[in-house]
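*Asks:* Shown below is the structure under consideration.
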Amino acid sequence: MKLVRVLASQGLEARMSSRINVRQPLQTLRVKAAQENLDEALVAIIADEVNVKEVKFGSSTEASVELDLNITPQLKEEGMVRELMRSIQDLRKEKGLTVSDKATLIIETDEAGRKFIEKNMETISHTTSLNGVEWGSVGGEVQSIKIGEFVVKVGLK
């Protein structure tokens, strides 16, 4: 576990120095060291902490850890979904909602934003405990969120 903490910490430091938000998934963390008896569960902890899809050991990197900084369109979209979900969770918290409280999300956005949200609605709804979505003017207290190229205004009821 000590090695897991060290490698996760080094991976997070590499993210900070690259100025890539932890919510933005990346494909690979390459680790110079050999795997040294780390089972799949421990490797999964490293991948989860650093938010990478895979951890490769024994790589010929100059540093002890190295991130693949290429953000594919799929990875970018996943990062945008995470950012939106974080904003919705913050809004739930502001409204005093608990985990068991179901809410309806009110969304005001352009057509491209709507397509993006509709494409990812199942994940968003499940993660943020929504019982539905309404499209239209949010009114009242509005939280504007910039998600990639989209600006989304959200409210809860």
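The values are calculated or read from the model by the stated rules, or taken from the named source; none is laboratory data. Not measured: the values here are computed from a predicted model. In this analysis, Cβ positions are derived from the backbone assuming ideal geometry, glycine residues included, and neighbour counts consider all displayed protein chains. Side chains are part of the model used for accessible areas, which takes the heavy atoms of the whole protein and leaves out ligands, DNA and RNA. Shrake-Rupley method; radii C 1.70, N 1.55, O 1.52, S 1.80 Å.
*Asks:* Does the stretch 66-73 include one or more residues that are free of Cβ contacts under 8 Å to residues at least 12 places away in the same chain and not in a helix (DSSP H, G or I)? Don't jump to the end; show me each part of the working.
*Replies:* Taking the stretch 66-73 as the starting set, the residues that turn out to be free of Cβ contacts under 8 Å to residues at least 12 places away in the same chain are 73.
Add one more test, that the residue is not in a helix (DSSP H, G or I), and what stays is none.
No - not one qualifying residue is present in the stretch 66-73.
*Asks:* If the requirement is being modelled with pLDDT of 90 or more and not acidic (Asp, Glu), which of these qualifies: ILE106, ILE45?
*Replies:* Answer to the selection: ILE45.
*Asks:* Here's a follow-up. From the list THR61, THR104, pick out the single residue that is in a loop (DSSP other than H, G, I, E, B) and either in contact (Cβ under 8 Å) with a residue 12 or more places away in the chain or acidic (Asp, Glu) (or both). Before you say what the answer is, go through the steps one by one.
*Replies:* Details: THR104 fails: in a loop (DSSP other than H, G, I, E, B).
The conditions single out THR61.
*Asks:* Mind checking which residues of the stretch 17-54 are within 18 Å of LEU75 (Cβ to Cβ) and open to solvent by 60 Å² or more (accessible area, probe 1.4 Å)?
*Replies:* ARG19, ASN21, VAL22, ARG23, GLN27, ARG30, ASP48, GLU49, LYS53, GLU54
*Asks:* Another question about this same structure. For ARG30, only one of the following conditions fails: (1) within 29 Å of GLU122 (Cα to Cα); (2) among the basic types (Lys, Arg); (3) in a strand (DSSP E or B). What is its number?
*Replies:* (1)
*Asks:* Which of (1) open to solvent by less than 80 Å² (accessible area, probe 1.4 Å); (2) assigned to a strand (DSSP E or B); (3) modelled with pLDDT under 90; (4) of a type outside the set (S, T, N, Q) does LYS146 not meet, given it meets every other one?
*Replies:* (1)
*Asks:* Please specify each residue of the stretch 1-16 satisfying the condition of being surrounded by 14 or more Cβ atoms within 10 Å (Cβ to Cβ) and either aliphatic (A, V, I, L, M) or assigned to a loop (DSSP other than H, G, I, E, B) (or both).
*Replies:* LEU3, VAL4, VAL6, LEU7, ALA8, LEU12, ALA14, listed by residue number.
*Asks:* All but one of (1) open to solvent by 30 Å² or more (accessible area, probe 1.4 Å); (2) assigned to a loop (DSSP other than H, G, I, E, B) hold for THR123, so report the exception by its number.
*Replies:* In the conditions (1) open to solvent by 30 Å² or more (accessible area, probe 1.4 Å); (2) assigned to a loop (DSSP other than H, G, I, E, B), THR123 misses (2) alone.
*Asks:* Failed condition for THR72, given (1) over 18 Å from ARG19 (Cβ atoms); (2) under 14 Å from the mean Cα position of the chain (by Cα); (3) β-branched (Val, Ile, Thr), with all others met?
*Replies:* Condition (2) is where THR72 drops out.
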